[in-house]
Each structure stands twice: as C-alpha cells, then as structure tokens.
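Asks: The structure is given below, and queries will be raised subsequently.
The values are calculated or read from the model by the stated rules, or taken from the named source; none is laboratory data. Computed from a predicted model, the values in this text were never measured in an experiment. With ideal geometry, Cβ positions are generated from the backbone for all residues, glycine too; neighbour counts draw on all protein chains shown.
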Amino acid sequence: MSSSPRRLLAGAVASALLGSALLSGCAVTVIEGRASPAAGPLGDVTPEEFPIIGATDDEVDRLARNALADLSTYWTAQFTPTFGQAFTPLAGGYYSVDPGDPDPAQYPNGQVGCGETPDSVLDNAFYCPPGTEYANGDAIQYDRAFLGALAFGSVGTEGYGRFIPALVMAHEFGHAVQGRVGYPLPASIAIETQADCFAGAWTAWVAAGNAAHNSIRPAELDDVLRGYLLLRDPVGTGLDEGEAHGSYFDRVSAFQQGFDDGPEVCRDSFGADRPYTQGAFQSDLEFATGGDAPYDQTVGAFLPEGLGEFWQRAFDELGEEFTPPDIEPFSGVAPDCAGEDVEVDLLYCPADATVRYDEVDLTLPLYAAEEGGDYAVLTAVAIPYALAARDQLGLSVDGEDALRSAVCLSGAFTAAVLGEESTVLSISPGDADESVSFLLEHATDPAVLPGVELTGFQLVDVFRSGVVEGLAACDIGA
C-alpha cells in the first residue's frame, strides 16, 4: 500500500469492479453436501475402470483417479448445456510420474503428453493440448510426489488437505475444456484463472453431494483457499508476464465465482475487461518493502484518512451526513465497552462512537506476519469502522448479519482503492492477498470476529462480493 500520487493497478478500474455483474450478492451459501468419511472419499474407481499410465497404489494416485473420473462425469453432463456441443474424452489419456524415480518403460515411447520425458513433470501438473505438433496430445500428467507434498506436507511443511490433488486435477481438466472450445484472450492470466473458475464449478457439484467418488466438508474449503496461497504467482509478478497464473486474490476470486455461479459464468466472465489485482512493483522502494508502508503511517494516516474519505463519499451518495468515528488502539486489555471478562481485539463502541483495535495481540503481529502487512491491518480495522458507519445509518451493529455486512463493506472499500477513487492511498501488489489471508486466519477467532458462524471460505466470498459489487452487495444503499 502506498500514498498518492495514485496509480492504476493491473487494469482494475472502478467501473469494472463496481459495475460488473461478475458475482451474485453477498448472501453466500456453502452447501453442506455429504460429510467426508475419515478415510477420505466415497467408493474408489479401479485402475481398470479409469486407467492412468504410470500410476501406483499410492494415495495421491487414488485421489487423482477418483477426481478425474468424477470430472469426466461432470463435464460430460455440463458441456452441452454450457457450450452447445458434446464432450469428447481426452484422447491422450492421463499420466502419473515420480520424477525422482521415473521408469521410462512405463510410458509409450518413454514419453508423457506433449512428447515430453517423464522428468519434465517435476514439481508440476499440466495439460497438453491436442494438435499435430504434440505427441500424446490432449493429455493430463502430474508429479504424484509433488501433489502428495501439497496435500499431506513434507519435512518441515504442513499440507493443505486431501482435496488438493483433486483441485489440481480440476484445474488441469479446466484447460482440457478450453482446449475444446478455445482459450480466453492471449493473456496467460485469463487462461489460468478461467481454469480456476471451472475447478470451482466442479467443486460446488462435489460439495452438493453429486459426485460418486469425491466429497468435501465445508471446513475443507478453507484448506482449498489456503492451498491457492502456495499456487499463486510471486508477489510483484507482472500481469502480462508469460505463464502468469494470478495473485492469491485473483485465483481465489475465480474459484469462488465458479463455485457460486457455475460453469456458464466461467464461460462468460474472462474477457478483456476482467480486472485483476496482479501487478509488478513500480519502484525499487516498493520492491524492497514488499509494498508495505511503515506501520506508524498505516495506522496514523491510512486508517483515519483512507477510511474517512471512503465513507464520506459513500454517505454523500446516500444523501446522509457522516461524522468520522475516533480510532483508538489499546494494548492487550479491551476497554469497558467490550464487557467484563471479554477478550476482543477489534470492536466498535457505540456509546462513544469509537473504533478500537488491539495493537499487542492483533495489528502489530498482523503487520509483521509473513502473509500479513499494512493492508491486512487496514482490512481488519475497516470492519469495526464499517460498524460505526452502519450505526450512523441507524442499522444494527450487533450479530452475524451486521458483521457479515461489515466484512463485505471492507471489500467495497478495497474496490474503491483499486479503482483509484482514493486520494489518500493506493493498493500495492499483494495487498488484496493480505485481506484473504487475514479472513482465513481469523474466521474462527472470537476475539476478532465474534459471533460469526461462517467459515473462512464464506467470509472471503462475502469480502469478494463487496470488492466486485460495492455497497449494494453489503445491505447498504440497496
């Protein structure tokens, strides 16, 4: 995050962010679906029913095979209503590889898709498009050791859950869909995020209990989003760089869009006007700081001035008079308005119209966290600030509905900054990613978001609806 002069980031303009109909409103529903048994998915597909060249009886191969079988079922049913043509199975098949111990004799002519050798799949999974220039075209191949580390962790690292191999297969199958109907724009980021969207549409089908071989619990959707943190491009990657896949926010947003609205929205929403938060750093200083302003500037200037400016403009549009609330830090012990023996790190006190935040337990650690920073702090404090705005409008400030609205409104504030409506600050690469990380990390923390019965996945979706649709998505000015 930086101060003015403002700049346009990754082509995101206010009209595209606030005026497009990329998403439905902030009423987000996660379908419970079937509870996942402790051992994993439902009945397994046998190797005879769904061959994968080079596969073993490894857990990752089992998960990948189950996912690919269900993906084939899903797209066979969805392809005609979505694209008006029949789905054709992948002609080149599927390949499982352990690049650390490959056996070329397992593969036709010692090759996987695209005529590549097995070691080309190291730390990767990819779809090879059809075409005469490729041997074994129209194929998906994956490094099973890499997917196992993503799912279950490795030495010194924590995994992202058993659904991650299925997510990767769903993304690659999304590329197979594109290979049949055409790729969106020449920009790599549009191709990759549309594949994320297709993966989200399939995952919603699984969550609804429709899959024969896969299931996912609502809490596991949080792990899916956390997995995208590892799969995003490095912060500061340029929008038009080759192989660009998108920022954390870009990829999560595309996935949730497909999850909420199905494959048709994936088909229609990845044109030239789609906004992205990905972008390159604009100066050596921004690169050196990772785009973070100093903490004192963040809380001393950006919080009161940036939020005050946004809400003044919003109230003007609503024909209401706005009085900026006071913003005060505290250290470890919440003020009296929180109630006795209540541990809370963020709060709005209606009695004195003051927004308060705990520097010791929340904002300083949040600023210093590996996936935190200045915009994580701003996102956090924007939530009780939004409650103060709701209070001035005569709306409730207590309960889940009020807090859901406040999270959405923090997204609407982010949209205004992305759209260069702020004269105080502009978002730097990675800032919107910090919002996602903050919401996922603190979704179940009653000291930060008390009384909310929403998963991290749902909270991020609520925030995202505010980014895309603005105040009207947040029960303000509808």
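Asks: Take Glu321 and decide whether it is in a loop (DSSP other than H, G, I, E, B), at pLDDT 95 or above and more than 30 Å from the chain's Cα centre (by Cα). Talk me through it step by step, then tell me what you get.
Replies: Details: in a loop (DSSP other than H, G, I, E, B): yes; at pLDDT 95 or above: yes; more than 30 Å from the chain's Cα centre (by Cα): yes.
Yes.
Asks: Of the residues Asp260, Asp284, Asp250, Asp233, only one is modelled with pLDDT under 95, under 29 Å from Gly372 (Cα atoms) and either touching a helix residue (DSSP H, G or I) at 6+ places or on another chain (Cβ under 8 Å) or hydroxyl-bearing (Ser, Thr, Tyr) (or both); which? Walk me through how you get there before you give the answer.
Replies: Working: Asp260 fails: modelled with pLDDT under 95; Asp284 fails: either touching a helix residue (DSSP H, G or I) at 6+ places or on another chain (Cβ under 8 Å) or hydroxyl-bearing (Ser, Thr, Tyr) (or both); Asp233 fails: either touching a helix residue (DSSP H, G or I) at 6+ places or on another chain (Cβ under 8 Å) or hydroxyl-bearing (Ser, Thr, Tyr) (or both).
From the options Asp260, Asp284, Asp250, Asp233, the qualifying one is Asp250.
Asks: Is one or more of the residues making up the range 370-386 modelled with pLDDT under 95, over 18 Å from Gln297 (Cβ atoms) and either outside any strand (DSSP E or B) or not assigned by TED's automatic domain parsing to the domain that holds Val333 (or both)?
Replies: yes
Asks: Sort through Ala105, Ala69 and tell me the only one that's of a type in the set (A, V, I, L, M), outside any loop (DSSP other than H, G, I, E, B) and under 19 Å from Tyr127 (Cα atoms).
Replies: Ala69
Asks: Can you tell me which residue is nearest to the chain's Cα centre (by Cα) among those in the range 440-466 that are of a type in the set (A, V, I, L, M) and assigned to a loop (DSSP other than H, G, I, E, B)?
Replies: Ala443
Asks: Let me ask something additional. Those residues that are out of contact with any helix residue (DSSP H, G or I) (no Cβ under 8 Å at 6 or more places or on another chain) and in a helix (DSSP H, G or I), I need them from the range 177-210; list them, please.
Replies: Across the range 177-210, the qualifying residues are Gly179, Ser188, Ala190.
Asks: Can I ask one more? Can Leu418 be described as in the same structural domain as Gly300 (by TED's automatic domain parsing), surrounded by 23 or more Cβ atoms within 10 Å (Cβ to Cβ) and closer than 17 Å to Val344 by Cβ?
Replies: Taking the combined requirement at face value, the residue does not satisfy it.
Asks: Can we say Val381 is of a type in the set (Val, Ile, Thr), over 24 Å from Gly319 (Cβ atoms) and without any contact (Cβ under 8 Å) to a residue 60 or more places away in the chain?
Replies: So Val381 fails the test.
Asks: Okay, next question. Being on the phi > 0 side of the Ramachandran plot and not hydrophobic (A, V, I, L, M, F, W, C) narrows it down to one of Gly54, Gly100, Gly92, so name that one.
Replies: Only one candidate qualifies: Gly54.
Asks: If you don't mind, there's one more thing I want to ask. Out of the residues in the range 258-276 meeting the condition of being assigned to a helix (DSSP H, G or I) and of a type in the set (A, V, I, L, M, F, W, C), tell me which one is surrounded by the fewest Cβ atoms within 10 Å (Cβ to Cβ).
Replies: Ranking the candidates gives Val265 first.
Asks: Then there's this: Of a type outside the set (A, V, I, L, M, F, W, C) and in a loop (DSSP other than H, G, I, E, B): does that describe Glu328?
Replies: no
Asks: Ala244 versus (1) surrounded by fewer than 24 Cβ atoms within 10 Å (Cβ to Cβ); (2) at pLDDT 90 or above; (3) in a loop (DSSP other than H, G, I, E, B); (4) among the aliphatic types (A, V, I, L, M): which is the lone unmet condition?
Replies: Unmet for Ala244, out of (1) surrounded by fewer than 24 Cβ atoms within 10 Å (Cβ to Cβ); (2) at pLDDT 90 or above; (3) in a loop (DSSP other than H, G, I, E, B); (4) among the aliphatic types (A, V, I, L, M): (2).
Asks: Being more than 16 Å from Phe463 (Cβ to Cβ) and modelled with pLDDT of 90 or more is the requirement here; does Val397 meet it?
Replies: It is true that Val397 is more than 16 Å from Phe463 (Cβ to Cβ) and modelled with pLDDT of 90 or more.
Asks: Right, another one. Looking only at the range 360-369, decide whether some residue is in the same structural domain as Glu453 (by TED's automatic domain parsing) and not in a helix (DSSP H, G or I).
Replies: Checked against the condition, which is being in the same structural domain as Glu453 (by TED's automatic domain parsing) and not in a helix (DSSP H, G or I), the range 360-369 yields at least one hit.
Asks: What is the residue count in the range 387-431 for residues that are within 25 Å of Thr444 (Cβ to Cβ), part of a loop (DSSP other than H, G, I, E, B) and within 18 Å of the chain's Cα centre (by Cα)?
Replies: The total comes to 1.
Asks: Given the criteria closer than 18 Å to Ala473 by Cα and in contact with a Ser or Thr (Cβ under 8 Å, 6 or more places away or on another chain), does Gly430 qualify?
Replies: no
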